[in-house]
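Structure, as structure tokens:
Here, each number is a calculation from the coordinates, and none is a lab measurement. If you're wondering where the values come from, they're calculated on a predicted model, not measured in any experiment. All Cβ positions, glycine included, derive from the backbone under ideal geometry; neighbour counts span all protein chains shown.
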Amino acid sequence: MTAGSANEYFELAGRVALITGSTRGIGAAIAEEFAEAGAEVIITGRSREEAQAVADRIAEAGAVCHAVAYEAGVPGAAHDLIAALSAHVSKLDILVNNAAILRPHRVGRLSEAEFDEVFGINTRAALFLCQEAHSLLVRSESAAIVNLTAACAHRPIAGLGAYCASKAAMINFTSTLAQEWAKDGIRVNALTPGSVATEMILPKDPGERDAFEAEMASQNLMGRLAEPREIARAVRFLSSPAASFMTGQTMIVDGGLLA
């Protein structure tokens, strides 16, 4: 196999990719990575304006990029999103469920409203978006779903019980969907990132940020936080022809945190 032919296995030309929560952080990095690989990318975010700003930035490099408002925690939002996309695209090749919410709490004091909010966005929204997107995914010759999880889905952390459990549930659903949809030609995998340098986890106070990063970095073997593009490249692999025989798996990219 030549280097040139090897690279072709990671190309996404001709594919349509939908990425939730893609206005910042890991989601935006995935959108950029996919666009560079030749995919037509659909950016989603709670704010249509923010999604459009990301789409415009990516499109400046010549990529085809669209922006759609999507509020993951709202019941029925997945149906509305796919209905809107169906008017503009004839198929969906890649779905990346990245939208998530993290709310620190103690399980002993967790309210029903907090539980519903975390599971509503991290689990329910992702699952039902998969369900709604099925009609477009089956039209693809190489459909792939990637569900973003979290290291604490494998090793729970005190103070984040609902978040950890909501991500663990997605690992379980990933396996189930892979089993049920293999006959439809849809691969379903999950990706577990470790600590990533994003707004989601970094303190807003610059004075606290350095100490926080140092503490988080000390927990993995690489001794640092991941950059969003490092996670995005792994998602690209799972979505590409290079992973054509991979389904029902959870790929861990955590710098050795769980080793």
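At-a-glance table
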read-out	value
Packing-based ranking, highest mean first, of 241-250, 100-109, 160-169 given that Cβ atoms within 10 Å are counted	160-169, 241-250, 100-109
Among 85-91, 144-150, 51-57, the order from most to least packed when residues are scored by Cβ within 10 Å on average	144-150, 51-57, 85-91
Dipole magnitude of the chain, debye to nearest 20 (Cβ charges: Lys/Arg +1, Asp/Glu -1, about Cα centre)	500 debye
Hz values of 3J(HN,Hα) by residue in segment 69-79 - Karplus curve (6.51, -1.76, 1.60), Gly and Pro given as x	6, 8, 9, 4, x, 8, x, x, 5, 5, 4
Amide H contacts under 5 Å for Ile43, placed H, 5+ residues apart	His66, Ala67, Val68
Spacing of the two label points (7 Å from each Cα toward its C-beta) at Ala87 and Ala182, in nm	3.9 nm
Integer Hz, Karplus 6.51/-1.76/1.60 couplings in order for segment 169-184, x for Gly and Pro	4, 5, 5, 5, 5, 4, 5, 5, 5, 4, 5, 6, 9, 4, 5, 8
Karplus-derived HN-Hα couplings along segment 95-101 (A = 6.51, B = -1.76, C = 1.60, θ = phi - 60°), whole Hz, x at Gly and Pro	10, 10, 8, 10, 4, 7, 9
Furthest towards positive pole of dipole, Ala182, Met222, Val74, structure part the chain, Cβ charges	Ala182
Candidate aspartates and glutamates - alpha carbon under 15 Å from Lys91, same-chain residues fewer than 8 apart omitted	Glu40, Glu132, Glu141, Asp184
Cut-off 11 Å between beta-carbons: net charge of the residues surrounding Val235, Lys and Arg +1, Asp and Glu -1	+1
Using a Förster distance of 51 Å, the FRET efficiency for Glu8-Glu208 (Cβ separation, nearest 0.05)	0.65
Under 5 Å, built H, 5+ apart or other chain: amide partners of Leu191	Asn147, Leu148, Thr149, Met251
